[in-house]
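Visitor: Supplied in C-alpha cells, the structure appears directly below.
The values are calculated or read from the model by the stated rules, or taken from the named source; none is laboratory data. Bear in mind that the values here come from a model prediction, so they are computed numbers and not experimental data. Ideal geometry is used to build each Cβ from the backbone, glycine not excepted, and the neighbour counts take in all protein chains shown. These area figures cover heavy atoms from the full protein model, side chains too; ligands, DNA and RNA do not enter into them. Shrake-Rupley method; radii C 1.70, N 1.55, O 1.52, S 1.80 Å.
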Amino acid sequence: MDSGEDGPELAVDTETPETILMNRFSSQRVQRAIGDLPVHYRETLLLCEVEEMSYQEIAEILTIPIGTVMSRLARARKAVSRVTP
C-alpha cells in the first residue's frame, strides 16, 4: 500500500524524562572532569576538541612540540574517560 508520502518515515522520539536527566548528568560529569584537569591538559584538550585546531596549530599557540600536544591529549582524554561511563 502507498501511504501517499514521498519522504522517509520519521523516527520515533525516544527521549523520556529519565533519558534527558541521564544525558544532563553525563554532560555535567564530563564538564566537571574537564574542569578538574590540570591547566596544561585542559587547554590542549579544549583547543583540539572544542576549537577544532590541528596539532600543529595547538603546538604553535602553546609553543610546545607536536609530540607534547599528542601526549597531553592522550592523558587528558584518558583522565576524562575514567570519570565518564
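Visitor: Any chance segment 50-58 includes a residue that's open to solvent by less than 70 Å² (accessible area, probe 1.4 Å), modelled with pLDDT of 95 or more, aromatic (F, W, Y) and in a helix (DSSP H, G or I)?
Guide: The answer is no, given that none of the residues of segment 50-58 is open to solvent by less than 70 Å² (accessible area, probe 1.4 Å), modelled with pLDDT of 95 or more, aromatic (F, W, Y) and in a helix (DSSP H, G or I).
Visitor: R42: modelled with pLDDT under 85 and of a type in the set (K, R), yes or no? First the steps, then the outcome.
Guide: Working: modelled with pLDDT under 85: no; of a type in the set (K, R): yes.
It is false that R42 is modelled with pLDDT under 85 and of a type in the set (K, R).
Visitor: Contact list please: Cβ distance under 7 Å, first residue in segment 18-45 and open to solvent by 50 Å² or more (accessible area, probe 1.4 Å), second residue of a type in the set (S, T, Y), pairs at least six apart or on different chains.
Guide: R29/T84; V30/T84
Visitor: In this structure, is R72 touching a Phe, Trp or Tyr at 6+ places or on another chain (Cβ under 6 Å) and not small (G, A, S)?
Guide: So R72 fits the description; yes.
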